């Protein structure tokens, strides 16, 4: 996917018009349109502002990686003891068999969480 399409998708995910984004960046709507249509590319300063605004990396915006997670997001505390980065590091240190078990357990936890949510809604 090209940079323009990525920028357009991120803007639409946030339900923003080009006008709102242009105002935030102090640019014209035409400039935003040109970025999204691949006519022009943002300069380095604007690229960094866009990455910060959408909380993604500049590499993601430039289509150098499919990972959207910024450093700020990776250092987010999931609880008192762990950050998202801690979890990723733990997963990366597992062998493929352990990762399969880990994913199965994560799916079970998500299923149980959803089941508990539904049960609590019924009791209200």
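The values are calculated or read from the model by the stated rules, or taken from the named source; none is laboratory data. Here the structure is a predicted model, which means the values were calculated and not measured. Here Cβ is always computed from backbone atoms with ideal geometry, including for glycine, and neighbour counts include all displayed protein chains.
What to note about this one:
- Residue 24 meets all of the listed conditions (1) surrounded by fewer than 17 Cβ atoms within 10 Å (Cβ to Cβ); (2) assigned to a helix (DSSP H, G or I); (3) free of Cβ contacts under 8 Å to residues at least 24 places away in the same chain but one, namely (3).
- Residues in segment 85-97 that are part of a helix (DSSP H, G or I) and closer than 25 Å to residue 73 by Cα: 85, 86, 87, 88, 89, 90, 91, 92.
- Among residues of segment 40-64 being surrounded by fewer than 17 Cβ atoms within 10 Å (Cβ to Cβ) and either outside the structural domain of residue 8 (by TED's automatic domain parsing) or in contact (Cβ under 8 Å) with a residue 24 or more places away in the chain (or both), the one that is nearest to the chain's Cα centre (by Cα) is 53.
To keep it simple, each residue is scored yes or no on (1) part of a helix (DSSP H, G or I); (2) touching a residue at least 12 places away in the same chain (Cβ under 8 Å); (3) exposed (fewer than 13 other Cβ atoms within 10 Å of the Cβ).
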position: 66; (1), (2), (3): no, no, yes
position: 102; (1), (2), (3): yes, no, no
position: 105; (1), (2), (3): yes, no, yes
position: 109; (1), (2), (3): yes, no, yes
position: 113; (1), (2), (3): yes, no, yes
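- Looking only at segment 8-21, residues that are in contact (Cβ under 8 Å) with a residue 40 or more places away in the chain and in a loop (DSSP other than H, G, I, E, B) come to 1 in all.
- Qualifying residue in segment 91-108 (condition: over 18 Å from residue 9 (Cβ atoms) and in contact with a helix residue (DSSP H, G or I) (Cβ under 6 Å, 6 or more places away or on another chain)): no
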